[in-house]
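The values are calculated or read from the model by the stated rules, or taken from the named source; none is laboratory data. Only a predicted model underlies this, so the values are computations on that prediction, with no experimental measurement involved. For neighbour counting, all protein chains shown are included, and Cβ atoms are generated from backbone atoms with ideal geometry for every residue, glycine included. Just the protein is used for accessible areas: all its heavy atoms, side chains included, with ligands, DNA and RNA removed. Shrake-Rupley method; radii C 1.70, N 1.55, O 1.52, S 1.80 Å.
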Amino acid sequence: MAYQFSLNEFRPHMREWDQNEWLPIDKLRKSAELGFGGLYTPTEKGGTGLSRLDTSIVIEALAQGCVSTTALLSIHNMVVAMIAHFGNDDQMHAFIPDLVSMKKIGAYCLTEPNAGSDAANLETRAQKVKDYYILNGTKSFISGGGESHVFLVMCRTGGVGAKGISCLMVEKGSEGLSFGHKESKMGWNSQPTRQVILEDCKVPARNLLGSEGIGFNIAMSGINGGRVNIASCSLGGAQWALEETLRYTCDRKQFGQPIADFQNTRFELATMASELLSCRLAVRMAAKAMDDKQSGSDTNDSHIPVSSLCAMSKFLATDRCHNIIDRCLQLFGGYGYLKDYPIQQLLRDTRVHRILEGTNEIMKVIIAKDLIDKHIESHISRNFTKTTSNNGLPNDKSSEHLKEHTSAAYSS
């Protein structure tokens, strides 16, 4: 259903939306009629209630019609799910119905001019005055900026660091809320990107999501899923590019034969198909791990932390899929460079996937940290077992050794 919808409603208009920088709100609302406005928001809270695994499949299918529009839809879904998870009954009643129907669009506001990868050091501040919060600050690179209706704004209500951050739902039309100019971008042109500017912006205290001080946890709760979502968008773009390239290389003739008959072409097609499959499996594995963690079941035989699985899938899929599309363009030759063909737009639209939801360099930091922490934990555990007494309890000497070993391991 999602794939057919993307072919009928997204793909015929993708080039026009890109060239005219047009946000297709009518198509987004039409997609919401099929349940795409609240994909993994639980049914009891008004959503479709899909698993993260099913959501990944849907997003890949939709991206085969328009990567840019599907990416905005995935961000909107992240916002809806965060409100559904952390919001109280009054907040869910006030926001969820219009968001799920996409009568209103949600935007995620974390990044700032001076706080990108180092998001915990954001500067936007909210001061509570009676029944309102007064916000001051600027958010950058906000997808849907100026067109969205509900902005999840991460802001500082306390001291420095992550524990001083809270999350406020800022509604379009709020006093003191304005937007910067629409950014002129390489890709993702079917969705506007603007700064969100908060100048003594007045927000009702009832719009605080959760409680003060948990905003960074709220922000990070959506990030793992966001990484799987954007990786799924890359899968869809690469799948479409590969299919177009198969068609082209079988039709295009040089030296009296289809270029698909040349060994180099065949090897390239085989390699790209194999790489795409490996990326898809990594993304699906991460999505399944998220589902298992949420349900409390433990089927993660690899024992890799979910955060690492999501980072690995995002890193692999966004990097490899962009490379696949680039190689598809190479097989198209000069035609691939023309805007008459979709390959160049797929290349432009998927390039930013290696930057957003945490840069791929940050993905490597997360993966490496989890690997090293797991190694240290395992090493300490083995040494602890060796130094315990016969009755299974550590003696004074072994306890002292464990403390020394732990201190040395974490200071190195």
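Taking the criterion of being assigned to a loop (DSSP other than H, G, I, E, B) and closer than 22 Å to ALA219 by Cβ, the residues of region 153-175 that qualify are THR157, GLY158, GLY159, VAL160, GLY161, LYS172, SER174. In region 257-274, the residues that are in the same structural domain as ASP319 (by the TED database) reach residues that are of a type in the set (Lys, Arg) and assigned to a strand (DSSP E or B) with C-beta atoms within less than 9 angstrom, at least six apart or across chains, in these pairs: ILE259/LYS253. For region 59-89, a residue qualifies if it is within 24 Å of LEU346 (Cβ to Cβ) and without any contact (Cβ under 8 Å) to a residue 60 or more places away in the chain, and exactly one does: LEU73. Total residues in region 165-181 satisfying the condition of being open to solvent by less than 20 Å² (accessible area, probe 1.4 Å) and polar (S, T, N, Q): the figure is 1. Here no helices (runs of 4 or more DSSP H) wholly within region 1-99 include at least 2 residues being over 23 Å from LEU110 (Cα atoms) and assigned by the TED database to the domain that holds ASP291. Of the residues making up region 1-35, those that are open to solvent by 40 Å² or more (accessible area, probe 1.4 Å), touching a helix residue (DSSP H, G or I) at 6+ places or on another chain (Cβ under 8 Å) and farther than 20 Å from GLN345 by Cα number 2.
State which residue is nearest to the chain's Cα centre (by Cα) when the search covers only region 218-243 and only residues that are polar (S, T, N, Q) and open to solvent by less than 10 Å² (accessible area, probe 1.4 Å). Among those that are polar (S, T, N, Q) and open to solvent by less than 10 Å² (accessible area, probe 1.4 Å), it is ASN229.
Within region 176-201, the residues that satisfy the criterion of being aliphatic (A, V, I, L, M) and either in contact with a Leu (Cβ under 7 Å, 6 or more places away or on another chain) or part of a loop (DSSP other than H, G, I, E, B) (or both) are LEU177, MET186, LEU198. Considering ARG29, ARG11, the condition of being under 18 Å from TYR341 (Cα atoms) and either free of Cβ contacts under 8 Å to residues at least 24 places away in the same chain or of a type outside the set (A, V, I, L, M, F, W, C) (or both) is satisfied by ARG11 alone. So for region 302-309 (the condition being open to solvent by 20 Å² or more (accessible area, probe 1.4 Å) and hydrophobic (A, V, I, L, M, F, W, C)), does at least one residue qualify? For region 302-309, residues open to solvent by 20 Å² or more (accessible area, probe 1.4 Å) and hydrophobic (A, V, I, L, M, F, W, C): present.
Among the candidates THR69, THR111, the residue that is open to solvent by less than 10 Å² (accessible area, probe 1.4 Å) and either more than 20 Å from the chain's Cα centre (by Cα) or hydroxyl-bearing (Ser, Thr, Tyr) (or both) is uniquely THR69. The number of residues in region 256-270 that are closer than 22 Å to TYR337 by Cβ and open to solvent by 40 Å² or more (accessible area, probe 1.4 Å) comes to 3. Return yes or no: is SER307 within 25 Å of THR55 (Cα to Cα), touching a residue at least 12 places away in the same chain (Cβ under 8 Å) and of a type in the set (Ser, Thr, Tyr)? So SER307 fits the description; yes. Among the residues that make up region 250-262, is at least one of them in a helix (DSSP H, G or I) and within 25 Å of VAL67 (Cβ to Cβ)? Yes.
Here region 334-362 is the region considered, the condition is being touching an Asp or Glu at 6+ places or on another chain (Cβ under 9 Å) and of a type in the set (A, V, I, L, M), and the residue that is surrounded by the fewest Cβ atoms within 10 Å (Cβ to Cβ) is LEU347.
ALA162 fulfils the conditions (1) surrounded by 20 or more Cβ atoms within 10 Å (Cβ to Cβ); (2) under 19 Å from GLY215 (Cα atoms) except for a single criterion, (1).
Just give me the residues in region 202-217 being assigned to a strand (DSSP E or B) and open to solvent by 50 Å² or more (accessible area, probe 1.4 Å), in sequence order. Within region 202-217, just LYS202 meets the criteria. If you check SER278 against the conditions, is it open to solvent by less than 70 Å² (accessible area, probe 1.4 Å) and among the small types (Gly, Ala, Ser)? For SER278, the condition - open to solvent by less than 70 Å² (accessible area, probe 1.4 Å) and among the small types (Gly, Ala, Ser) - is met. Mind checking which residues of region 53-66 are open to solvent by 30 Å² or more (accessible area, probe 1.4 Å) and under 24 Å from GLY87 (Cβ atoms)? ASP54, the sole residue that qualifies. Note on region 182-200: among residues that are charged (D, E, K, R) and touching a Lys or Arg at 6+ places or on another chain (Cβ under 6 Å), the one that is surrounded by the fewest Cβ atoms within 10 Å (Cβ to Cβ) is LYS182.
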